[in-house]
Amino acid sequence: SLAFSDPFLNRRRANDFIQADSRLRAITQERIRERSKALQEHQRELCEDYYPCEMYAFRHGYPAAYKHYFGGRRRTK
């Protein structure tokens, strides 16, 4: 049949494979995972975003780099 011989789909049929509900559920799950990151992962991402910290981490490791650049700061509200 024609459907199996043509590997390309038109634009209308391309989104039929993924339902809107499952896409929204996947986005929601990703947001939940972002909020519940491990402390070390969160610290590493902060260090990666700050270039001097990242360079320090290449030499001494991410835990030492985070402590060096962000460890002494106290957060106040």
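For the reader, a short list of remarks on this structure follows.
- Among residues of the stretch 46-77, those that are out of contact with any helix residue (DSSP H, G or I) (no Cβ under 9 Å at 6 or more places or on another chain) and either surrounded by fewer than 11 Cβ atoms within 10 Å (Cβ to Cβ) or modelled with pLDDT of 95 or more (or both), counted: 8
- Residues satisfying the stated conditions in the stretch 24-39, i.e. among the polar types (S, T, N, Q) and part of a helix (DSSP H, G or I): 28, 29
- Candidate set from the stretch 19-45 (those that are at pLDDT below 70, of a type outside the set (Asp, Glu) and open to solvent by less than 90 Å² (accessible area, probe 1.4 Å)); member that is farthest from residue 72 (Cα to Cα): 20
The values are calculated or read from the model by the stated rules, or taken from the named source; none is laboratory data. These figures come from a predicted structure and were not determined experimentally. A quick note on method: Cβ atoms are made from the backbone with ideal geometry, for glycine too, and the neighbour counts reach across all protein chains shown. Only protein heavy atoms, including side chains, enter the accessible area calculation; ligands, DNA and RNA are left aside. Shrake-Rupley method; radii C 1.70, N 1.55, O 1.52, S 1.80 Å.
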